[in-house]
Amino acid sequence: MAETATAQRRTSLETRGFDAKGASLTLAPSSFRVSLRAPEASISVLEEALGLSLPRLPKTSSEEGTRAALWLGPDEWLVIDTETDPLTASRGVEALHSAVDISHRNVGIVASGAYAAEAVNGGCPQDLSPEAFPVGACSRTVLGKIEIVLWKKAENSFHIECWRSFSPYAFAFLTASARDAAA
Amino acid sequence: MLLIRCPYCEEERPELEFRNGGQAHIARSTDIVQESAEAFERFFFIRDNPKGVIFERWRHIHGCGRFFNAVRDTITDKFHHTYKAGEPQPDLNELIAANEDRRMDEGRGDMPADQGPGSWANVPPDQINVAEPAADASKGDA
Ligand SMILES: [Zn+2]
């Protein structure tokens, strides 16, 4: 009998990393990601199925265990889960909504350290001061020439989501920026 | 960098996140088949190109993704007002009056009031719009 070939999924940034005093970059753990769109009327049913609240305020996120929901637009969320597939939970929901698996479309990069905000600000024009961008804040925005989703997970720690094919650019950009910021 | 207030994100965001979407408040005919060629041309091709205040569509493409409307001055790039798509076109005079009230409320009553586009561009209003543009003497010389 013929042997079954198994394809192995590799991330685009497997061997990358950058560490400097004050600003370091690492690859975020592989995660399930769902692009969720839903009208107001469907939100409560989806919240119950997903087991976390969907934030209604601009630039806010919610977290429950390994799952997080990031507000991207008035009817749009990015749901990230490091352990279980959110689609399994939302599959049975009959209320009008759209949930698309984008787990492998995105790559996550974590920038952390005292100068993490400066490193991100090297290519992102948003105000990242603690007043304007507190812990838990998230936003779709730009980094240099690409679009990213920026999420402040903790004091001095930013999670950057970019499209997979843009990830070498994002990582190179952040490396250069982090090097400058930490210098 | 220019800061533009997105009415959906409810805050000012850097201009790099936005894209211009052309003139606002152009309604498509509900009965386009019956429209004359001239009326369709006006709807499809003809746009204002004012030197001064213009109503425009903008899209927060690298943010919430929403289209919204803005009142912008084409001379100074100043955004006077932004509002959600579908909301009625604001009255320009009321907007100017509201801005004036805000200026007084902010205790800037002793500073000169905006005299319209002219003052923003540091050019007297009566010199901004000329009926007959001066002929360009150098044209065709090169
Ligand atoms: Zn927005």
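The values are calculated or read from the model by the stated rules, or taken from the named source; none is laboratory data. Being a predicted model, the structure only gives us computed values, none of them experimental. Reconstructed Cβ throughout: ideal geometry from the backbone, glycine too, with neighbour counts over all protein chains shown. Areas reflect the complete protein model, heavy atoms only, side chains present, ligands, DNA and RNA absent. Shrake-Rupley method; radii C 1.70, N 1.55, O 1.52, S 1.80 Å.
B:Glu10 versus A:Thr26, label points 7 Å from Cα toward the beta carbon: distance in nm?
According to this spin-label approximation, the distance is 3.5 nm.
Quick one: what are the phi-derived ³J(HN,Hα) couplings along region B:47-61, Karplus 6.51/-1.76/1.60 with θ = phi - 60°, whole Hz, x for glycine and proline?
Karplus-based 3J(HN,Hα) across region B:47-61 equals 10, 5, 9, x, 8, x, 6, 9, 9, 10, 8, 9, 10, 7, 5 Hz.
Set Lys and Arg Cβ to +1 and Asp and Glu Cβ to -1, take the dipole of region A:1-118 about its Cα centre, and tell me which of A:Leu57, A:Gly17, A:His104 lies farthest positive.
The Cα lying farthest towards the positive end belongs to A:Gly17.
Would you kindly find the accessible area of B:Asp77, with a 1.4 Å probe and non-protein molecules such as ligands, DNA and RNA excluded, rounding to the nearest 10 Å²?
Roughly 60 Å² of B:Asp77 is accessible to a 1.4 Å probe.
Taking the Cα centroid of region B:46-89 and of region A:80-105, what is the distance between the two, rounded to the nearest whole Å?
With region B:46-89 and region A:80-105 each reduced to a Cα centre, they are spaced 36 Å.
Compute accessible area for region B:10-38 by itself and then with all protein chains, 1.4 Å probe, and report residues whose area falls by 30 Å² or more.
The answer is B:Glu11, B:Arg13, B:Pro14, B:Leu16, B:Glu17.
A:Ser35: accessible area at probe 1.4 Å, nearest 10 Å²?
In the full protein context, A:Ser35 sits at about 30 Å².
Kindly write out, for region A:114-119 in residue order, the coupling ³J(HN,Hα) from the Karplus curve 6.51 cos²θ - 1.76 cosθ + 1.60 (θ = phi - 60°), rounded to whole Hz, with x marking Gly and Pro.
Calculated HN-Hα couplings, in order: 4, 10, 4, 4, 5, 4 Hz.
Can you put A:Thr4, A:Thr175 in order of accessible area, largest first, using a 1.4 Å probe?
A:Thr4, A:Thr175
For B:Gly21, which sequence-distant residues (separation of 5 or more, or a different chain) have an amide H within less than 5 Å of its own amide H, given hydrogens modelled in the peptide plane?
For B:Gly21, the qualifying residues are B:Arg57, B:Trp58, B:Arg59.
So if I place +1 on the C-beta of Lys and Arg and -1 on the C-beta of Asp and Glu, and nothing else carries charge, what would the dipole magnitude of region A:46-144 be about its Cα centre? I want it in debye, nearest 20.
240
Give the long-range amide H neighbours of B:Val53: residues separated by 5 or more places, or on another chain, with amide H under 5 Å away, using H modelled in the peptide plane at 1.01 Å from N.
Amide H to amide H, under 5 Å and 5 or more residues apart or across chains, B:Val53 pairs with B:Thr74.
Once the dipole of the protein assembly as shown is set up with Lys and Arg at +1 and Asp and Glu at -1 on Cβ about the Cα centre, which of A:Phe173, B:Asn20, B:Val33 lies farthest towards its positive end?
The listed residue farthest towards the positive side: A:Phe173.
How large is the helix-only mean residue ellipticity at 222 nm for chain A, computed as the sum of -39500 (n - 2.57) over DSSP H runs with n ≥ 4, divided by its residue count, in deg cm²/dmol to the nearest 500?
-5500 deg cm²/dmol
Can you pull the accessible area of B:Phe43 for me, 1.4 Å probe, Å² to the nearest 10?
Spelled out: B:Phe43, probe radius 1.4 Å, area about 40 Å².
Could you give the length gained by full extension between A:Ala5 and A:Arg37, i.e. 0.36 nm per residue of separation minus their alpha carbon distance, to one decimal place?
7.9 nm
Which order do A:Trp71, A:Trp163 take when ranked by solvent-accessible area (1.4 Å probe, heavy atoms of all protein chains), largest first?
Heavy-atom accessible area, descending, gives A:Trp163, A:Trp71.
What's the longest bit of chain A with no exposed GluC sites (Glu not before Pro), using DSSP loop states and at most 13 other Cβ atoms within 10 Å as the test?
In short, A:15-82.
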